[in-house]
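The values are calculated or read from the model by the stated rules, or taken from the named source; none is laboratory data. Note that the structure is a prediction, hence the values are computed from the model and not measured. Here Cβ is always computed from backbone atoms with ideal geometry, including for glycine, and neighbour counts include all displayed protein chains. Accessible surface is based on the protein model in full, side chains and every heavy atom, while ligands, DNA and RNA are left aside. Shrake-Rupley method; radii C 1.70, N 1.55, O 1.52, S 1.80 Å.
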Amino acid sequence: MRTFGIEIEMVGKTRSMIAKAVAGVVGGGKVEHVVDEEDDSLTREDVHAANGAVWRIEDDDSLCAPEQLRAELVSPVLTTADLGTLKNIVATAAATGARTNPYCGVHVHIGAQDATVEDVCRFIDVMIKEEPKLVKDFNCSPRRLRSFAKPMSPNFIRSFKRRRPKTQEDLERLWYGRPAAPGQRGDRYHKSRYRGLNLQSYFFRFTIEFRYFDSSLDQNRIEAYVRRCLDIANKAGLP
């Protein structure tokens, strides 16, 4: 079954307020304030749903808002059966008065736990054609495309076509421009992640991440983002 996850950035309301709103949607609704074990200045709100899933509301210092008024909603692993719940959560977050600004984005992760190198290559094949259409159809911000979600470069596409990866090492060389250094694969925040199509996420946690989208608290737009990413995964034949 195709799985996905989503991260939705917003500003204007506290993480605690947004967590309480989410709790009212997911049932069970226990909200846990969590302090990071390695850095006690980092905290988040975990919302425990009745089905055992956890929705997280985290801080994100890239959102250009006061610390107490910035939030990133991070979903658990979802399937299309959960889209109704996701849409209700987005609508409820919007009802708190939360909003987005030009620094806020939406990231969609497609599960790729069982994907082989060739599966990822087929994904890239499809994205070479689909990326320009996706950017146009969703009117993705030029600012975002210059910084946090750069499109595939002509050099990347040429390198991919000239020497299609056959092994994990080949794929890493394509992505990093050289063999992966120790720790690169496991580095969630590696600088290479700032691509619209983020394969660092594949090396780190076996998801393929779409970072192109401007944030929104319009539930129908969020659904459209997710369905477009799932459609691309289906076209690529991702397992």
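Numerical summary
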item: Mean separation of Cα contacts under 8 Å, 6 or more apart, over the residue count of the chain: relative contact order %; result: 25
item: Carbon + sulfur, % of accessible area of the range 112-239 - ligands and nucleic acids excluded, 1.4 Å; result: 49
item: Residue-normalised accessible area of the range 87-151, expressed per residue, 1.4 Å probe, Å²; result: 45
item: Assigned charges on the beta-carbon of Lys, Arg, Asp, Glu; the range 75-210 dipole about Cα centre (debye); result: 700
item: Fraction of accessible area attributable to carbon and sulfur, the range 18-104 (%, probe 1.4 Å); result: 46
item: Rounded to the nearest 20 debye, dipole of the chain from Cβ charges on Lys, Arg, Asp, Glu; result: 1320
item: Percentage relative contact order, the range 131-217, counting C-alpha pairs under 8 Å, at least six apart; result: 31
item: Computed helical MRE - 222 nm, the chain, DSSP H runs ≥ 4 contributing -39500 (n - 2.57), nearest 500; result: -12000 deg cm²/dmol
item: Whole-number percent relative contact order across the range 24-127, with pairs defined as alpha carbons under 8 Å at least 6 apart; result: 17
item: Alpha carbon centroid spacing (whole Å) that separates the range 38-76 from the range 112-172; result: 29
item: Surface accessible to a 1.4 Å probe, per residue, for the residues of the range 1-79, Å²; result: 49
